[in-house]
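Shown next, in structure tokens, is the structure this report addresses.
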Amino acid sequence: EIIDTSDFEIQIIVPSNWLSWLKRGSKFTIAVEENGKSYTGKIEKIGSMIDAASQTIKVYGGFVGSTAGLIAGMSGTATFEGQ
């Protein structure tokens, strides 16, 4: 989910077992559902708490390159390099 319009921030919910390889700086591609476009991003922050019920954790990223066509609140699917 894109949550900040001034400097687009991406919030991604990932399985907590990904913490074994997911690090700050990890790159990903996000395919945005609303506009059908894909964008490159990188992880900037990893959440501090694992959800006990779902065994997931929130990570936060930023876009690398153009953000043309994005509006806050859009959603999509992130795919990480090497995974």
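Note on I71 and K45: the model spin-label points, each 7 Å out from Cα along the C-beta direction, lie 2.6 nm apart.
Which distance in Å, rounded to a whole number, links the C-alpha centroids of the stretch 20-39 and the stretch 53-83? Here the answer is 5 Å between Cα centres.
Ignoring ligands, DNA and RNA, please state the percent of accessible area on the stretch 20-62 from carbon and sulfur, probe 1.4 Å. Write down the numbers at each step before the final one.
Working: 1320 of 2640 Å².
Roughly 50 percent of what the probe reaches on the stretch 20-62 is carbon or sulfur.
Normalised by 2.2 N^0.38 Å, where N counts its residues, the alpha-carbon radius of gyration of the stretch 3-83 equals 1.07. For a Förster distance of 35 Å, can you work out the FRET efficiency between the beta-carbons of S38 and N17, rounded to the nearest 0.05? The calculated FRET efficiency here is 0.85.
The values are calculated or read from the model by the stated rules, or taken from the named source; none is laboratory data. Note that this is a predicted model, so its numbers are computed, not measured. Backbone-built Cβ (ideal geometry, glycine too); neighbour counts: all protein chains shown. Surface accessibility is based on the protein's heavy atoms, side chains included, excluding ligands, DNA and RNA. Shrake-Rupley method; radii C 1.70, N 1.55, O 1.52, S 1.80 Å.
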